[in-house]
Amino acid sequence: KAGVTQTPRYLIKTRGQQVTLSCSPISGHRSVSWYQQTPGQGLQFLFEYFSETQRNKGNFPGRFSGRQFSNSRSEMNVSTLELGDSALYLCASSLRSGGEENIQYFGAGTRLSVL
Amino acid sequence: AQKITQTQPGMFVQEKEAVTLDCTYDTSDPSYGLFWYKQPSSGEMIFLIYQGSYDQQNATEGRYSLNFQKARKSANLVISASQLGDSAMYFCAMREGTQGGSEKLVFGKGMKLTVNP
């Protein structure tokens with residue numbers, strides 16, 4: 001069974017540009033969450049999508065947005081890039097079964113560098 | 001308020017020895033889940049072990065076990081018989097409101113484990 005796939009693995013952009021990251025969840029998983037990891041702030045929750053609807057959102061500006069498609073694949077978009085957006089962006093998928101033991105499985109991440 | 005605290009920035013252990021990684025948490029929610037993840041230098045977060053707030057027994061997964069002390073709000077990860085491949089960053093995380101609630105995980109700052117041959 002394939003794991004969570006994130007593309008691309010690496011991106012280099014310049015300030016002011018926009019970027020789209022993609023995440024394909026584990027087959028059968030309908031929930032996709034996104035996290036930003038930086039040396040200063042650590043791992044922070046961006047948002048979660050389930051059944052094509054945003055269910056939860058972290059404390060990030062509106063420049064960060066996302067969507068989920070009917071096949072559960074998700075994309076994250078960052079507009080008007082800033083230097084501080086340089087980070088490892090991790091995507092996680094889960095069954096969101098409602099039970100306690102609902103494990104999130106992560107992809108390898110997309111490393112974004114903003115110059 | 002910081003919800004997950006990992007105070008050890010780094011640890012060194014000899015191969016084949018056991019090691020305990022500390023994690024304390026803070027929550028007022030009676031229902032929560034605690035997780036440990038491993039992050040090698042490649043970047044991928046690898047799930048290791050889970051402990052539910054209502055679980056009566058400590059979780060175990062192969063060489064990993066979780067020392068869950070609810071009254072002290074601690075969830076320490078124990079790795080038995082360390083291997084060179086265990087060298088990585090380790091993150092403790094918590095999800096509150098596990099009864100159909102948010103998927104949001106709150107992570108600690110992590111700690112770096114180095115296993116020496």
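For chain A, the fraction of alpha-carbon pairs lying more than 26 Å apart is 14 percent, rounded to a whole number.
Given in Å, the Rg to one decimal and the Dmax to the nearest whole number for the Cα atoms of the protein assembly as shown are 17.5, 52. Model label points for B:Lys70 and A:Asn56, set 7 angstrom from Cα along the Cα-to-Cβ axis, are 2.1 nm apart. Run through all the Cα pairs of chain B and give the fraction in each 5 Å bin from 0, expressed as whole percent. In order of increasing distance, the bins hold 2, 12, 23, 25, 20, 10, 5, 2, 0 percent. Per-residue extension of 0.36 nm, minus the Cα-Cα distance of B:Glu15 and B:Gln56, leaves a gain of 11.6 nm for this segment. Residues whose amide H comes within less than 5 Å of that of A:Ser86, counting only those at least five positions distant or on another chain, are A:Val114 (H built at 1.01 Å from N in the peptide plane). Couplings 3J(HN,Hα) of the stretch B:19-27, computed from phi: 9, 10, 10, 8, 8, 10, 9, 9, 7 Hz, in residue order, whole Hz [Karplus 6.51 cos²θ - 1.76 cosθ + 1.60, θ = phi - 60°; x for Gly and Pro]. The alpha carbons of the stretch B:27-74 give a radius of gyration and a Dmax of 12.3, 36 Å, in that order. Karplus-based coupling profile of the stretch B:75-91, in residue order and whole Hz: 9, 7, 8, 10, 10, 8, 6, 3, 10, 4, x, 7, 5, 4, 8, 10, 10, with θ = phi - 60° in 6.51 cos²θ - 1.76 cosθ + 1.60 and x standing for Gly or Pro. Mean partner shielding of peptide B:35-48, defined as the number of other chain Cβ atoms within 10 Å of each residue Cβ, is 4.
Over chain B, calculate the relative contact order: mean separation of alpha carbon pairs under 8 Å at least 6 apart, over the residue count, as a percent. It would help to have the intermediate numbers written out before the result.
Numbers: 284 pairs, mean separation 42.5, N = 117.
36 percent.
Take A:64-75, A:41-52 and order them by the average number of nearby Cβ atoms within 10 Å per residue, most first; the result is A:41-52, A:64-75. Converting phi to 3J(HN,Hα) with the Karplus coefficients 6.51, -1.76 and 1.60 and the offset θ = phi - 60°, the stretch B:6-15 yields 10, 8, 8, x, x, 9, 10, 9, 7, 3 Hz in sequence order, with x at every glycine or proline.
Placing pseudo-labels 7 Å out from each Cα toward the beta carbon at B:Ser28 and A:Arg63 gives an inter-label distance of 3.4 nm.
Taking a straight line from the alpha carbon of B:Lys38, these aspartates and glutamates sit under 20 Å away, with near neighbours fewer than eight places off in the same chain left out: A:Glu101, B:Glu15, B:Glu17, B:Asp22, B:Glu61, B:Asp86, B:Glu103.
Values in this text are rule-based calculations from the coordinates and carry no lab data. In this text the structure is predicted, and so the values were computed from the model without any measurement. For neighbour counting, all protein chains shown are included, and Cβ atoms are generated from backbone atoms with ideal geometry for every residue, glycine included.
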